[in-house]
Amino acid sequence: MPDKPLPPIAVQRRTGQEAFHTDGRVLPHSLRNFWQWSVSDLVSNVTRGRLAEFIVATAVGIDVTGVRSEWDAFDLTTPSGLKIEVKSAAHIQSWYQARLSNIVWSTPTTRAWDAATNRLSTESKRQADVYVLALLHHQDKSSVDPLNTAQWSFFVLPTRVLDARTRSQRSIALRSLKALAGDPADWSQLSVAVERAGQEQRGAV
C-alpha cells in the first residue's frame, strides 16, 4: 500500500480510437466501441443527465473541448464565472410505460466534496448560483431524439428562489416550477436566461 497521499488523476481527453490491449498486445476493440455499447441509449436517465449538461454547456458558451469534471460540487461554470447545476427530466423513458412519466426534479442541498483533498464541507447547501432544470418535453417514443435541441425546454432559476421555497427543499414538480420560473427558454435563449438569473442571484447576496 502507498505510504503517502495519492493526488487526483489528471484526466486526458480521449479520441475514441484508443485500443483495448493486454500489456501492449492490441485487442480488436476500441474505446469508441465501449462508448457505443455503454451510452447509445440517450433517453436513459444517467446518460440523459450528462447529455443535458453538454447541451447547456454548448448553449452558454462553455468550452467543451476538455473533459467533463465528474466530482465538482456543481456541474458547469460559465465564461462569466456563474456556477450552474443542471437537472434533467423526461416524459419518455427507455423502458415500457403505461403512461408518460410525471415530471419532478431532485433539488436537494448537498455537502460539497473536494476531490483534491477528499474532504466534505461541513455546510449543506445548494452549491451553484443558477439551476437549469432541463425537460426533454417530447412525448412520442417513435420520434424522440435527445440530440434535437428543439425537443428540450429549459427552466432557469437563481438558486435563492429554490432556497426560499417552503413546500419542499428536496424536489420540485413541473407545475410548481412553472409558477416560479414562468415560461421555459429554448436552446437559443438559454445563455441570456442563465446570465439574467445569475445577476439576480448575485444581487441577492
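The values are calculated or read from the model by the stated rules, or taken from the named source; none is laboratory data. What you see is a predicted model, and the numbers here were worked out from it, not measured in a lab. We place every Cβ from the backbone using ideal geometry, glycine too, and count neighbours over all the protein chains shown. The area values use the complete protein model at the heavy-atom level, side chains included, leaving out ligands, DNA and RNA. Shrake-Rupley method; radii C 1.70, N 1.55, O 1.52, S 1.80 Å.
For the reader, a short list of remarks on this structure follows.
- Of all residues making up segment 1-36, the number that are aromatic (Phe, Trp, Tyr), over 28 Å from Asn118 (Cβ atoms) and touching a strand residue (DSSP E or B) at 6+ places or on another chain (Cβ under 9 Å): 1
- Test: residue in segment 48-58 that is touching a Leu at 6+ places or on another chain (Cβ under 8 Å) and not aliphatic (A, V, I, L, M): yes
- Residues being open to solvent by 80 Å² or more (accessible area, probe 1.4 Å) and either closer than 20 Å to Ile55 by Cα or touching a residue at least 24 places away in the same chain (Cβ under 8 Å) (or both) - total across segment 88-103: 1
- Residues of segment 105-138 that are in a strand (DSSP E or B), open to solvent by 80 Å² or more (accessible area, probe 1.4 Å) and of a type outside the set (Lys, Arg): Trp113, Leu120, Thr122, Glu123.
- Exactly one residue out of Arg14, Arg32, Arg68 is over 29 Å from Gly203 (Cβ atoms) and touching a Gly at 6+ places or on another chain (Cβ under 6 Å): that is Arg32.
- Leading residue by the ranking (farthest from Leu120 (Cα to Cα)) among those in segment 63-84 that are in contact with a helix residue (DSSP H, G or I) (Cβ under 8 Å, 6 or more places away or on another chain) and touching a residue at least 12 places away in the same chain (Cβ under 8 Å): Ser80
- On inspection, Arg50 qualifies as basic (Lys, Arg), in a helix (DSSP H, G or I) and at pLDDT 95 or above.
- Any chance Glu85 is under 21 Å from Ser188 (Cβ atoms) and either open to solvent by less than 50 Å² (accessible area, probe 1.4 Å) or part of a strand (DSSP E or B) (or both): no
- Filtered by the rule that a residue be hydroxyl-bearing (Ser, Thr, Tyr) and open to solvent by 30 Å² or more (accessible area, probe 1.4 Å), segment 45-63 gives a lone residue, Thr58.
- Filtered residues of segment 10-37 (kept if surrounded by 10 or more Cβ atoms within 10 Å (Cβ to Cβ) and touching a Ser or Thr at 6+ places or on another chain (Cβ under 9 Å)): Val11, Gly16, Glu18, Ala19, Phe20, Leu31, Arg32
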